[in-house]
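Trainee: Structure incoming, see below.
What follows is calculated from the coordinates using simple rules that are stated; it is not laboratory data. Only a predicted model underlies this, so the values are computations on that prediction, with no experimental measurement involved. Because the Cβ atoms are built from the backbone with ideal geometry, glycine has one as well, and the counts that use them run over all protein chains shown.
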Amino acid sequence: MADRVIFMGWNRPVVGREKQAMQLFQKATAYYSKLKTEGKIESFESVFLMPHGGDLNGFTLIRGDANKLAAFHDEPTAVELRMEASYCLEGYGVITGITGEAITNRFPQWLKLIGS
């Protein structure tokens with residue numbers, strides 16, 4: 001089971017680059033589908049958020065094994081997609097994280113830190 005994630009969030013397309021942003025989304029979705037089929041990632045999900053006045057309006061969450069996600073992060077296609085996203089999406093950012101059992105495994109460290 002996947003215990004690592006890559007979170008890619010954005011605000012909205014840069015004005016004048018809306019078509020490029022849509023094409024990028026389609027390219028990225030096809031690429032992530034291919035990686036899932038190849039077993040390089042466990043899953044991915046994209047979410048478009050409803051208007052709420054904030055600056056996070058969409059994200060893609062990719063789940064997988066730590067080593068496989070590290071390899072994915074450095075693949076040339078993934079790098080190119082991130083570069084293009086930075087160009088055509090306002091507020092684009094990438095954050096890695098843990099989930100599932102990895103969170104449970106961190107509790108002893110946390111308890112040691114807080115003295116319990």
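Trainee: Can you give the calculated 222 nm mean residue ellipticity of the chain, where each DSSP H run of n ≥ 4 adds -39,500 (n - 2.57) and the sum is split over every residue, rounded to the nearest 500 deg cm²/dmol?
Mentor: Computed mean residue ellipticity for the chain: -15500 deg cm²/dmol.
Trainee: Determine the equivalent ellipsoid of the stretch 57-101 by diagonalising the alpha-carbon gyration tensor, then write out the semi-axes as square roots of 5 times the eigenvalues, largest first, rounded to whole Å.
Mentor: 21, 15, 6
Trainee: While we're here: Counting other C-beta atoms within 10 Å, and keeping those with at most 11, which DSSP coil GluC sites (Glu not before Pro) do you find in the stretch 1-73? Each step should come with its number before you reach the end.
Mentor: Values: sites: GLU18, GLU38, GLU42, GLU45; in loops: GLU38, GLU42.
Loop-located and lightly packed - GLU38.
Trainee: Okay, next question. Checking a compactness column here: for the chain, what do you get for Rg(Cα) / (2.2 N^0.38 Å), N being the number of residues? Let's see the in-between values first.
Mentor: Values: Rg = 16.1 Å, N = 116, 2.2 N^0.38 = 13.4 Å.
For the chain, the normalised Cα radius of gyration is 1.20.
Trainee: While we're looking at this one, here's another question. Mind listing which chymotrypsin sites (Phe, Trp or Tyr not before Pro) in the stretch 1-70 are in a DSSP loop and have 14 or fewer other Cβ atoms within 10 Å?
Mentor: Nothing satisfies the criteria.
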